[in-house]
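Peer 1: Before anything else, here's the structure in question.
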Amino acid sequence: MFDSKKLKLDNLSLQEFEQDAEFIPLLSSEDEEEMNAESVPDSLPILPLRNMVLFPGVVIPITAGRDKSIKLLREANSAKNVIGVVAQKDEEVEDPDHKDLHDVGVVARILKVFKMPDGNTTVIIQGKKRFQLGEIVSEEPYLRAKAIDIPEQRPEMDNAEFNAIIEKIKDLSLEIIKHSPNIPTEASFAIKNIESNSFLVNFVSSNMNLQVADKQKLLQISDLKERALETLRFMNIELQKLELKNDIQSRVQTDINKQQREYFLHQQMKTIQEELGGGVSSHEELDEMRQRAKKKKWDDKVKEHFEKELSKMQRMNPQVAEYSIQRNYLDLFLDLPWNEFSKDNFDLKRAMRILDRDHYGLDEVKKRIIEYLAVLKLRNDMKSPILCLYGPPGVGKTSLGKSIAEALGREYVRISLGGLRDEAEIRGHRKTYIGAMPGRIIQSIKKAKTSNPVFVLDEIDKLSSSHNGDPSSAMLEVLDPEQNNAFYDNFLEMGFDLSKVMFVATCNSLQTIQPALRDRMEIINVTGYTIEEKVEIGKRHLLPKQLKEHGLDKSHLKLGKPQIEKIVEGYTRESGVRALDKQIAKMVRYAAKSIAMEEEYDLKVNSDTIVEVLGAPKLERDKYENNDVAGVVTGLAWTKVGGDILFIESTLSKGKGNLTITGNLGKVMKESATIAMEYIKSNADVLGINPDIFAKYNVHIHVPEGATPKDGPSAGVTMLTSLVSLFTQRKVKKSIAMTGEITLRGKVLPVGGIKEKILAAKRAKIKEILLCDQNKRDIDEIKQEYLKGLTFHYVSDMSNVLELALTKQKVKNAKNLDGGDY
């Protein structure tokens, strides 16, 4: 309510006036009546006030700075004369005249004069009654003008409405004093002790925090009731402002107190961390990031995004959870190798030496890598290819990536995708999630510290999907040469160029890879090894590796090629060399144990030592089983672990012509057996089979090793040969195997996995192989050294197969299917 600002007069600051009871007389009704009875002089010296309005009965301090005002006050004080106090319309006017002053002022008397140290004069004056400013009598040495008395219209003492207004003014005054921190509490006692209603109105009007123009309007109202009502309106507005201000102040103060408390705690924490020898302030972190950013080779778009995110971090409270996420985000930005590339080594002869040193065989893969290097050397801007090495386990697909990286002179990174079922592992999480992280692609690029590493995606065929998304679909953008120049990671929120990365994927099966993903990769078939290749790999790589891992050297154990070949043939059954590695490790452990226990052992391993250490050969039976029994045929099969041989057996029993198939066979393989049976029935006369047999005997076809699932169309010719051998009792030729799909018309169709099947046939000591004539192109792609000792028969019809596979004579003790012996 009260104007707590320092009072000003003549545009000069006043000293704060300490109000004593002596200088704030609270007028009684009798004093007021006496004051109103005094007459107004005809003329008055006029004291202009710049920024205040004096009301009747009110005591105020003023400081005079203008020469005219100082002279006026000194003369009036010495003569005990009254003065006229009038407010200026414009406080900027330095020497006001009649037109610059309001028409209504207040007659005042001087109570006390103070000489201030700065040379100004401060006086205490009290208003007496209102007057109207008349014409100017003189302007020197100060203004003097005629004064006209203005009587006030007072309501009756028992006016209920006026009394209610007065009571409301008192209540609001006390409320305003209570809410205003700048008004001393003693002011409430002054309000309570005022007896005169008109003085209360004038006192409150004078001390309200109003503009000079508003106070002047209140002074000019002659009707005291109307002036009181207008004063009450201003007080209501003032109270509302105070309540709103206090509410805002309270809320702001709470926030400031909380922030100050956190600030002091952070400062204490910082001091403690520095005393303990660790901890970096947020400002130091920001400065460090700016210095690191100056060294980055990013373009304008990335730089602008980084500056924006850095500014966001600068505005954050270091203790909120989002701060650490933002810091990790900016650290990732600074750690990523934007436009940083390692220099490729284009020495193709050196690259070939490295590939030959680390991997024996794999000529097709090496040829493709050298081709890529040659093109890159000529153009220097070729997009990196997406190679997919497809083949059985243990053939060196993953380790080939390391050799490629060394040959190119690039960094090497690898991630395993087996069992991955969360799309966020590829694309990353959004920063809004708790524990958000970039995807494994971006993490690996960060680890590589270059934008063109050799990136091995291991087991890409074993990606799975779940409610968290389909990672194989997310891989499409990674492995598409037309899209991966701006790979979008959800955490990074920016496109990152992967087009210079050489991706090398590995898989054991193409069937489980999404077709769209398979289409984006160049498939290179990494087939199994021959026995000769396994022996060389064991001699060159596996034995030295195991000796080193067991703390030995080549002087502690000598394992010759014949002994390694014996291990390969008797103790391993795979396309790769993992099982061979384990068996060689057993031999090395045998030597290590003997040395540690100071026992004698055979330094040069022989066949007896192998049997002693590894036990009796376990896989001799898989080499070959004779075909002396009708209905037994050797087939060739492809599995996820490489090629293998299988035996198909069939037998007859008295019955009603039922067909039974066993051996854990898949749907396609069972269909091949049904097709073979129907072909025989429809061509019984040509094959020399009595059609009545089909109604008198049940046929049972079995493929041994029932614990192993088997499926595929490749066993069609094998099953048909087995059944014809059974019905005709003609045995199958010795050391012959076959593979191929059949139709109801007896046509032989081509199948896949030829190289793996050929290697399996060699391991099993097979001499002759029957193939579809269309598979001849696959044989032409295989090295001649792998085909040494094999004879191939290319057929197009089942009649050719039967002619080549079955002997003319029947087996011994052949049964007469009509009921007697031959």
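Peer 1: Right, Arg233: closer than 21 Å to Val86 by Cβ and not assigned by TED's automatic domain parsing to the domain that holds Arg50 or not? Lay out the reasoning, then the answer.
Peer 2: Values: closer than 21 Å to Val86 by Cβ: no; not assigned by TED's automatic domain parsing to the domain that holds Arg50: yes.
Here the answer is no, as Arg233 does not meet what is asked.
Peer 1: Now for a separate question. Going through segment 665-683 one residue at a time, which ones are surrounded by fewer than 16 Cβ atoms within 10 Å (Cβ to Cβ) and among the aliphatic types (A, V, I, L, M)?
Peer 2: Val668
Peer 1: Scan Ser205, Ser188, Ser222, Ser138 and give me the residue that is touching a Phe, Trp or Tyr at 6+ places or on another chain (Cβ under 6 Å) and either surrounded by fewer than 18 Cβ atoms within 10 Å (Cβ to Cβ) or at pLDDT 80 or above (or both). Please lay out each step first, then the result.
Peer 2: Working: Ser188 fails: touching a Phe, Trp or Tyr at 6+ places or on another chain (Cβ under 6 Å); Ser222 fails: touching a Phe, Trp or Tyr at 6+ places or on another chain (Cβ under 6 Å); Ser138 fails: touching a Phe, Trp or Tyr at 6+ places or on another chain (Cβ under 6 Å).
Within the list Ser205, Ser188, Ser222, Ser138, the selection yields Ser205.
Peer 1: Turning to a different aspect of this structure: Taking the conditions exactly as written (small (Gly, Ala, Ser), assigned to a helix (DSSP H, G or I), within 32 Å of the chain's Cα centre (by Cα) and not assigned by TED's automatic domain parsing to the domain that holds Lys582), does Ala405 satisfy them or not? Steps first, answer last, please.
Peer 2: Values: small (Gly, Ala, Ser): yes; assigned to a helix (DSSP H, G or I): yes; within 32 Å of the chain's Cα centre (by Cα): yes; not assigned by TED's automatic domain parsing to the domain that holds Lys582: yes.
Yes; evaluated as a whole, the condition is true for this residue.
Residue by residue, here is whether (1) at pLDDT below 90; (2) crowded, with 17+ Cβ neighbours inside 10 Å; (3) outside any loop (DSSP other than H, G, I, E, B) holds:
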| position | (1), (2), (3) |
| --- | --- |
| Glu705 | yes, no, no |
| Gly712 | yes, yes, no |
| Thr721 | no, yes, yes |
| Gly752 | yes, no, no |
| Lys755 | yes, yes, yes |
| Ile766 | yes, yes, no |
| Glu803 | yes, no, yes |
| Asn813 | yes, no, no |
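Peer 1: Within the bounds of segment 510-523, is there any residue that is assigned to a loop (DSSP other than H, G, I, E, B) and out of contact with any helix residue (DSSP H, G or I) (no Cβ under 7 Å at 6 or more places or on another chain)?
Peer 2: Keep residues of segment 510-523 that are assigned to a loop (DSSP other than H, G, I, E, B), which gives 510-514, 520-521.
Then keep just the ones that are out of contact with any helix residue (DSSP H, G or I) (no Cβ under 7 Å at 6 or more places or on another chain); that gives 511.
Taking every residue of segment 510-523 in turn, at least one turns out to be assigned to a loop (DSSP other than H, G, I, E, B) and out of contact with any helix residue (DSSP H, G or I) (no Cβ under 7 Å at 6 or more places or on another chain).
Matching residues to (1) at pLDDT below 90; (2) of a type in the set (Val, Ile, Thr):
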| site | (1), (2) |
| --- | --- |
| Ser472 | yes, no |
| Asn484 | yes, no |
| Gly495 | yes, no |
| Val504 | no, yes |
| Cys507 | no, no |
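Peer 1: Is it true that Ile524 is touching a residue at least 40 places away in the same chain (Cβ under 8 Å) and farther than 30 Å from Val454 by Cα? Let's see the steps before the verdict.
Peer 2: Values: touching a residue at least 40 places away in the same chain (Cβ under 8 Å): yes; farther than 30 Å from Val454 by Cα: no.
Taking the combined requirement at face value, the residue does not satisfy it.
Peer 1: Can you confirm whether Lys146 is of a type in the set (Lys, Arg), part of a helix (DSSP H, G or I) and surrounded by fewer than 20 Cβ atoms within 10 Å (Cβ to Cβ)? Before the answer, list the steps.
Peer 2: Values: of a type in the set (Lys, Arg): yes; part of a helix (DSSP H, G or I): no; surrounded by fewer than 20 Cβ atoms within 10 Å (Cβ to Cβ): yes.
It is false that Lys146 is of a type in the set (Lys, Arg), part of a helix (DSSP H, G or I) and surrounded by fewer than 20 Cβ atoms within 10 Å (Cβ to Cβ).
Peer 1: Return yes or no: is Asp103 out of contact with any helix residue (DSSP H, G or I) (no Cβ under 9 Å at 6 or more places or on another chain), touching a residue at least 12 places away in the same chain (Cβ under 8 Å) and surrounded by 12 or more Cβ atoms within 10 Å (Cβ to Cβ)? Quick ask: steps written out before the conclusion?
Peer 2: Details: out of contact with any helix residue (DSSP H, G or I) (no Cβ under 9 Å at 6 or more places or on another chain): no; touching a residue at least 12 places away in the same chain (Cβ under 8 Å): yes; surrounded by 12 or more Cβ atoms within 10 Å (Cβ to Cβ): yes.
Spelling it out, it is not the case that Asp103 is out of contact with any helix residue (DSSP H, G or I) (no Cβ under 9 Å at 6 or more places or on another chain), touching a residue at least 12 places away in the same chain (Cβ under 8 Å) and surrounded by 12 or more Cβ atoms within 10 Å (Cβ to Cβ).
Peer 1: Tell me whether segment 723-730 contains one or more residues that are of a type in the set (S, T, N, Q), closer than 20 Å to Ser575 by Cβ, in the same structural domain as Gly635 (by TED's automatic domain parsing) and buried (at least 24 other Cβ atoms within 10 Å of the Cβ). So that I can check it myself, show each step before the final result.
Peer 2: So the first thing to find is which residues in segment 723-730 are of a type in the set (S, T, N, Q), and the list is 725, 728-729.
If we keep only those that are closer than 20 Å to Ser575 by Cβ too, we end up with none.
No, the conditions are met nowhere in segment 723-730.
Peer 1: Given Ile125, Ile169, which one is part of a helix (DSSP H, G or I) and surrounded by 19 or more Cβ atoms within 10 Å (Cβ to Cβ)? Lay out the reasoning, then the answer.
Peer 2: Working: Ile125 fails: part of a helix (DSSP H, G or I).
Answer to the selection: Ile169.
Peer 1: Further, regarding this structure: In segment 340-353, how many residues are over 19 Å from Lys367 (Cβ atoms) and in the same structural domain as Ser403 (by TED's automatic domain parsing)?
Peer 2: Of segment 340-353, the ones over 19 Å from Lys367 (Cβ atoms) are 340-343.
Filter once more, keeping what is in the same structural domain as Ser403 (by TED's automatic domain parsing): none.
Of the residues in segment 340-353, 0 are over 19 Å from Lys367 (Cβ atoms) and in the same structural domain as Ser403 (by TED's automatic domain parsing).
Peer 1: Here is a follow-up. What strands (runs of 3 or more DSSP E), lying completely within segment 629-691, carry at least 1 residues that are under 50 Å from the mean Cα position of the chain (by Cα) and of a type outside the set (Asp, Glu)?
Peer 2: 632-639, 642-654
Peer 1: Something else: I need a count of the residues in segment 408-464 that are outside any loop (DSSP other than H, G, I, E, B) and not acidic (Asp, Glu). Let's see the steps before the verdict.
Peer 2: Of segment 408-464, the ones outside any loop (DSSP other than H, G, I, E, B) are 408, 412-416, 424-427, 440-448, 454-458, 460-462.
Now narrow it down to the ones that are not acidic (Asp, Glu): 408, 412-416, 424, 426-427, 440-448, 454-457, 460, 462.
The total comes to 24.
Peer 1: Taking Glu741 as the residue in question, decide whether it is among the charged types (D, E, K, R) and more than 22 Å from Gly391 (Cβ to Cβ). Walk me through how you get there before you give the answer.
Peer 2: Working: among the charged types (D, E, K, R): yes; more than 22 Å from Gly391 (Cβ to Cβ): yes.
Considered against the rule, which asks whether it is among the charged types (D, E, K, R) and more than 22 Å from Gly391 (Cβ to Cβ), Glu741 comes out as yes.
Peer 1: Also: Here is a list of conditions, (1) within 19 Å of the chain's Cα centre (by Cα); (2) surrounded by 15 or more Cβ atoms within 10 Å (Cβ to Cβ); (3) touching a residue at least 24 places away in the same chain (Cβ under 8 Å), and Tyr488 meets all of them except one; can you say which number that is?
Peer 2: Every condition holds for Tyr488 apart from (2).
Peer 1: Under 6 Å between Cβ atoms, which residue pairs at least 6 apart in sequence (or on different chains) link something in segment 794-806 that is touching a residue at least 12 places away in the same chain (Cβ under 8 Å) with a partner that is of a type outside the set (S, T, N, Q) and part of a helix (DSSP H, G or I)?
Peer 2: Within 6 Å, the pairs are Tyr794/Asp773; Tyr794/Lys776; Val795/Val801; Ser796/Asp773; Met798/Leu720; Val801/Val717; Leu802/Val724.
Peer 1: In this structure, is Gly409 buried (at least 20 other Cβ atoms within 10 Å of the Cβ) and touching a residue at least 40 places away in the same chain (Cβ under 8 Å)? Spell out the reasoning first.
Peer 2: Details: buried (at least 20 other Cβ atoms within 10 Å of the Cβ): no; touching a residue at least 40 places away in the same chain (Cβ under 8 Å): yes.
So Gly409 fails the test.
Peer 1: Taking Phe131, is it part of a helix (DSSP H, G or I) and closer than 22 Å to Arg227 by Cα? Break it down into steps so the answer makes sense when it comes.
Peer 2: Values: part of a helix (DSSP H, G or I): no; closer than 22 Å to Arg227 by Cα: yes.
When the stated conditions are applied, Phe131 does not pass them.
Peer 1: Return yes or no: is Tyr372 under 28 Å from Leu759 (Cβ atoms) and part of a helix (DSSP H, G or I)?
Peer 2: Details: under 28 Å from Leu759 (Cβ atoms): yes; part of a helix (DSSP H, G or I): yes.
Considered against the rule, which asks whether it is under 28 Å from Leu759 (Cβ atoms) and part of a helix (DSSP H, G or I), Tyr372 comes out as yes.
The values are calculated or read from the model by the stated rules, or taken from the named source; none is laboratory data. None of the values given here were measured: they were computed from a predicted structure. Using ideal geometry, Cβ is built from the backbone for each residue, glycine included, and neighbour counts are taken over all protein chains shown.
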